[in-house]
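Peer 1: One structure follows; several queries about it will come next.
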Amino acid sequence: MKNQRLIYLAIPLLFTLLVSNLLDFTSSTSRVNQSYPAVVCPPNTDGLTTAISLTSAKTAARKTGAQSLRTSPVGFSRYAVAAQSAVIEAENVTPLVWQVRSGVWAGAMGCSAPSSSQWFVGGTADITSKGSLHLVNSGLGRALVEVSLFSENGAISPRTFTIKANSYISMKLATLDPGSKKIAIHVLTRSGRVNGFVVDERGKGLASLGGDLVNPISAAAKVVSIPGIPQQVGKKGPSPHTLRLFVPGNIDARISAEIRSTDGSFAPVGINGRAIAHKKVVEIPMDIQMAAGTFALHIKSDLPILAAVFSPTKVKNKKDFIWSTPAAELTQFTLATSGVTPKLVFTGKNVRLDLTLLYSSTKSRRVTITGEDIATFDVPDGVRGVTFSRISRGTSGAALIAAKSGYGYLPLNAGSVLTNSSVPRSNIRVLNP
């Protein structure tokens, strides 16, 4: 009888210990730390002027190439970088970079967190090329990066680069595959915190042919949306556009395309049903006969593809060009616009979203954007940031910037997204095994 009573007392005790251990295990594995990774901006090289739009002068930043990795408030809502690359603690804000070669060309790009894989569909390595590829390592250790280049002739052997901590290296596009006119570049990070940046600058003798920053593409996709392609019409008619395509797989792809504009939707001539050779960069001329404005290009493929559109531009009688690259489905984030007044372009079957305009005077205003196929909005002067929210499904966007220095384009992709990291939990057994 006594033993039986002891058993009755032991069972609840064992059950309590078991439950407490399970609860302790659950709590120790569920603790996470949420944060936004710092974003990295393209480096400022000789002859260029780089200005970074921020929403607050209190935003903390540092530069590569310095011994100290400590960040400090920049003190300005538009941050001018004289050298190196800026690493910015921007949280959920995406800083906008406006890079200029004074009187020659201009380009736009959003600063972004390091990525393990980046594609660049744009640029040339022929005799006109003055462009370059920059690889920035913002981490604390050495980085290992593999660069693969493809052209109209196929692939060349990948090259591997080692980058010192908190520094960057540059190489001319013409040295990667001399003579190639159409190129696509894949930057694959094997280790480290690396961002790739491509500058497509061209010239013939002493004459400039313009330039642009080629925005990166994270991965190939079967559905590609290029939201903002400028349509300019001069005395000789509409400016020509060129669609550049690349199939990274081992099988040819077949594509179809649709142009969406305020004048309606239609299929461009010579694209639907076309087979695109794999592992070779292919270009298709696009003769778009429509009034001046902006249009979007939507491409569907039976296999994942990469695409971009090359467009000659003219601003105040100065010739330039841009590369319009795909945009992911729009998510909620804030784009910094201090010092610039971009034209925002949104595309989708039924476009609907809210814009919250943050003015320099700390006031804000909400605007609702609606439309079918395409919708645009001109950001007014004095706006330091635009927040996108309540976005309809299937909507993507881009920003176009026209200034006296040239023309720029950037897809509306969030530069940094909230990430979770596990927080280790202290345990006395670490000290007393």
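The values are calculated or read from the model by the stated rules, or taken from the named source; none is laboratory data. Please read these numbers as outputs of a predicted model, since none were measured by experiment. Quick reminder, even Gly has a Cβ in these numbers, built from the backbone with ideal geometry, and neighbours come from all protein chains shown. Areas reflect the complete protein model, heavy atoms only, side chains present, ligands, DNA and RNA absent. Shrake-Rupley method; radii C 1.70, N 1.55, O 1.52, S 1.80 Å.
Peer 1: Does region 344-367 contain at least one residue that is in a strand (DSSP E or B), of a type in the set (K, R), farther than 25 Å from F120 by Cα and touching a Leu at 6+ places or on another chain (Cβ under 6 Å)? Show your work before the answer.
Peer 2: As a first pass, look at region 344-367 and keep what is in a strand (DSSP E or B): 344-359, 364-367.
Okay, now just the ones that are also of a type in the set (K, R), so 349, 352, 365-366.
Subset that is farther than 25 Å from F120 by Cα: 349, 352, 365-366.
Within this subset, residues satisfying the condition of being touching a Leu at 6+ places or on another chain (Cβ under 6 Å) are 365.
Yes: one or more hits.
Peer 1: Quick one: in region 78-104, of everything that is more than 21 Å from the chain's Cα centre (by Cα) and more than 16 Å from S405 (Cβ to Cβ), which residue is most open to solvent (accessible area, probe 1.4 Å)?
Peer 2: A82
Peer 1: Output the number of residues of region 58-73 satisfying the condition of being of a type in the set (A, V, I, L, M) and modelled with pLDDT under 95. First the steps, then the outcome.
Peer 2: Taking region 58-73 first, the residues of a type in the set (A, V, I, L, M) are 60-61, 66, 69.
If we keep only those that are modelled with pLDDT under 95 too, we end up with 66, 69.
The qualifying residues number 2.
Peer 1: Have a look at V423, V345 and point out the one that is of a type in the set (V, I, T) and modelled with pLDDT under 95.
Peer 2: Values: V345 fails: modelled with pLDDT under 95.
From the options V423, V345, the qualifying one is V423.
Peer 1: Give me a count of the residues in region 45-78 that are among the charged types (D, E, K, R) and outside any loop (DSSP other than H, G, I, E, B).
Peer 2: Looking only at region 45-78, we keep the residues that are among the charged types (D, E, K, R), and these are 46, 58, 62-63, 70, 78.
Next, only the ones that are outside any loop (DSSP other than H, G, I, E, B) stay: 62-63, 78.
Matching residues across region 45-78 total 3.
Peer 1: Follow-up question, since we're still on this one. If you scan region 220-238, which residues turn out to be exposed (fewer than 13 other Cβ atoms within 10 Å of the Cβ) and not in a strand (DSSP E or B)?
Peer 2: K235, K236
One line per residue, one yes/no per condition, for (1) open to solvent by less than 10 Å² (accessible area, probe 1.4 Å); (2) not hydrophobic (A, V, I, L, M, F, W, C):
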{"residue": "A308", "(1), (2)": "yes, no"}
{"residue": "P312", "(1), (2)": "no, yes"}
{"residue": "K318", "(1), (2)": "no, yes"}
{"residue": "T325", "(1), (2)": "yes, yes"}
{"residue": "A336", "(1), (2)": "yes, no"}
{"residue": "P342", "(1), (2)": "yes, yes"}
{"residue": "R366", "(1), (2)": "no, yes"}
{"residue": "D373", "(1), (2)": "no, yes"}
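Peer 1: Looking at F310, F333, can you tell me which residue is more than 18 Å from I259 (Cα to Cα), in contact with a Phe, Trp or Tyr (Cβ under 8 Å, 6 or more places away or on another chain) and not basic (K, R)?
Peer 2: Values: F310 fails: more than 18 Å from I259 (Cα to Cα).
When all the criteria are applied, what remains is F333.
Peer 1: Where in region 79-155 are the strands (runs of 3 or more DSSP E), entirely inside, with at least 1 residues that are over 20 Å from S35 (Cβ atoms) and not hydroxyl-bearing (S, T, Y)?
Peer 2: On the way: elements: 86-89, 96-101, 105-110, 117-121, 132-137, 143-151.
Correct list: 96-101, 105-110, 117-121, 132-137, 143-151.
Peer 1: Next question. Any chance region 397-410 includes a residue that's hydroxyl-bearing (S, T, Y), closer than 20 Å to I374 by Cα and either outside any loop (DSSP other than H, G, I, E, B) or at pLDDT 85 or above (or both)? Before the answer, list the steps.
Peer 2: First, the residues of region 397-410 that are hydroxyl-bearing (S, T, Y): 405, 407, 409.
Now restrict to residues that are closer than 20 Å to I374 by Cα: 409.
Remaining after also requiring either outside any loop (DSSP other than H, G, I, E, B) or at pLDDT 85 or above (or both): 409.
Yes, there is a match, as at least one residue in region 397-410 is hydroxyl-bearing (S, T, Y), closer than 20 Å to I374 by Cα and either outside any loop (DSSP other than H, G, I, E, B) or at pLDDT 85 or above (or both).
Peer 1: Report every pair of residues separated by at least 6 positions or lying on different chains whose Cβ atoms are under 6 Å apart, first residue within region 338-364 and among the charged types (D, E, K, R), second open to solvent by 70 Å² or more (accessible area, probe 1.4 Å) and not in a strand (DSSP E or B).
Peer 2: Cβ pairs passing all conditions: D354/R390.
Peer 1: If you don't mind, another one. Considering region 346-363 alone, what residues qualify as being surrounded by 19 or more Cβ atoms within 10 Å (Cβ to Cβ) and of a type in the set (V, I, T)?
Peer 2: Taking region 346-363 and keeping what is surrounded by 19 or more Cβ atoms within 10 Å (Cβ to Cβ), we get 346-348, 351, 353, 355, 357-358.
Result: T347, V351.
Listed here are the residues, each with its yes/no results for (1) touching a Pro at 6+ places or on another chain (Cβ under 7 Å); (2) farther than 29 Å from Q99 by Cα; (3) not small (G, A, S).
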| position | (1), (2), (3) |
| --- | --- |
| I185 | no, no, yes |
| V199 | no, no, yes |
| K222 | yes, yes, yes |
| G237 | no, yes, no |
| P240 | yes, no, yes |
| G249 | yes, yes, no |
